[in-house]
Amino acid sequence: MSDRLQELAVFVRAAESGSFSKAARELGLSQPSVSRIIGELETRLGVKLLLRTTRSIAVTDAGALFLTRAREVLADIEDAEDAARGVDSLRGTLRITMPIVYGTRNIIPRLPKFLRAHPLLRVELSVADERQNLVVEGTDVAIRLGPLNDSGFGARKLATVSRFLVAAPSYLAERGTPKTPADLASHDCIFGPGLFGRTTWSFTRNGAETSVDVRGRITTDSGPGVFASVLAGLGIAMTSPVMAGPEIEAGALVPVLKSYKLAPVDVYAVFPAGPRPSTKVRALVDFLAEELR
């Protein structure tokens, strides 16, 4: 039976990652071993599960059906083991992906409390603003800001984050402070990743909505890039209390157009395994939902 379970685990990671070598690295096996295990599984089943090319592998129709059931079997086994040990004895590795600034300022500082409650768990963090292929990377849970487009994944809303504009005192001293959203048209604005990169900014005030097309000379693909640019006095940037609170408190950044409200951003936990995540993923998501409430 243990050989059968190894077959399932090897097949799932090879199919998800599209690479025998990646599956081998993650599972601590050699690439020839992975190839042999998949070959023996296909021979025993009498069907082709994966199509190999020199560059990648693809899942056949039979392989896609088998992949769905194999994931369910592995999840059931993990749940059964966790139930037997109890929630305080969760073990294994949690692979978490999160955006840079929100993750480093609002998620990672909360992990010590979670890990103290689960001393047998290990965490692998991927901290990046670009949206990765969660299945290929073997991610257990991703922290995402804004609308979700991975419709096949499970998700749970964790929090709602307000947004506002900030600038460095040096920029405002040189260029002046905008009084209304329309004034932004004559300012340099800084564009970042995701929702923070849009060039039309919409505000509400006393129930009325105002939209303005903004422009600027700085566009960056990361939250830290936005912060470095706004701190350097290169323009006005969109941010949130979670992300810019320390800089505002220290006087390094100043809120702009405080009486005008930007639409908030929802924060989600996304689980690529589907709407029924593993016990350890549920434990982390429950913890974050309580912490961020």
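The values are calculated or read from the model by the stated rules, or taken from the named source; none is laboratory data. Predicted model, so just to flag it, every value in this text is computed and none were measured. Using ideal geometry, Cβ is built from the backbone for each residue, glycine included, and neighbour counts are taken over all protein chains shown. In case anyone asks, the SASA skips ligands and DNA or RNA and just uses the protein heavy atoms, side chains included. Shrake-Rupley method; radii C 1.70, N 1.55, O 1.52, S 1.80 Å.
Figures for the structure shown
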{"quantity": "Options 60, 54; residue that is more than 23 Å from the chain's Cα centre (by Cα), modelled with pLDDT under 90, more than 30 Å from residue 127 (Cβ to Cβ) and open to solvent by 60 Å² or more (accessible area, probe 1.4 Å)", "calculated": "54"}
{"quantity": "Test: residue in the range 53-61 that is polar (S, T, N, Q), part of a helix (DSSP H, G or I), out of contact with any strand residue (DSSP E or B) (no Cβ under 8 Å at 6 or more places or on another chain) and closer than 23 Å to residue 139 by Cα", "calculated": "no"}
{"quantity": "Hits in the range 177-198 (condition: open to solvent by 30 Å² or more (accessible area, probe 1.4 Å) and over 24 Å from residue 143 (Cα atoms))", "calculated": "177, 179, 180, 182, 183, 185, 186"}
{"quantity": "Number of the exception - residue 166 against (1) in contact with an Asp or Glu (Cβ under 8 Å, 6 or more places away or on another chain); (2) open to solvent by 60 Å² or more (accessible area, probe 1.4 Å); (3) at pLDDT 95 or above", "calculated": "(2)"}
{"quantity": "Cβ-Cβ under 6 Å pairs, at least 6 apart or on other chains, the range 44-55 side over 11 Å from residue 15 (Cα atoms), far side among the hydroxyl-bearing types (Ser, Thr, Tyr)", "calculated": "48/60"}
{"quantity": "Residues located in the range 266-284, provided they are in contact with a Lys or Arg (Cβ under 6 Å, 6 or more places away or on another chain) and either open to solvent by less than 40 Å² (accessible area, probe 1.4 Å) or of a type in the set (Val, Ile, Thr) (or both)", "calculated": "269, 270"}
{"quantity": "Exclusive hit being open to solvent by less than 50 Å² (accessible area, probe 1.4 Å), without any contact (Cβ under 8 Å) to a residue 60 or more places away in the chain and under 19 Å from the mean Cα position of the chain (by Cα), set 135, 123", "calculated": "123"}
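A quick yes/no check of all residues on (1) more than 24 Å from residue 71 (Cα to Cα); (2) assigned to a helix (DSSP H, G or I); (3) acidic (Asp, Glu); (4) over 10 Å from the mean Cα position of the chain (by Cα):
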residue	(1), (2), (3), (4)
96	no, no, no, no
109	yes, yes, no, yes
116	yes, yes, no, yes
130	yes, no, yes, no
143	no, no, no, no
152	no, no, no, yes
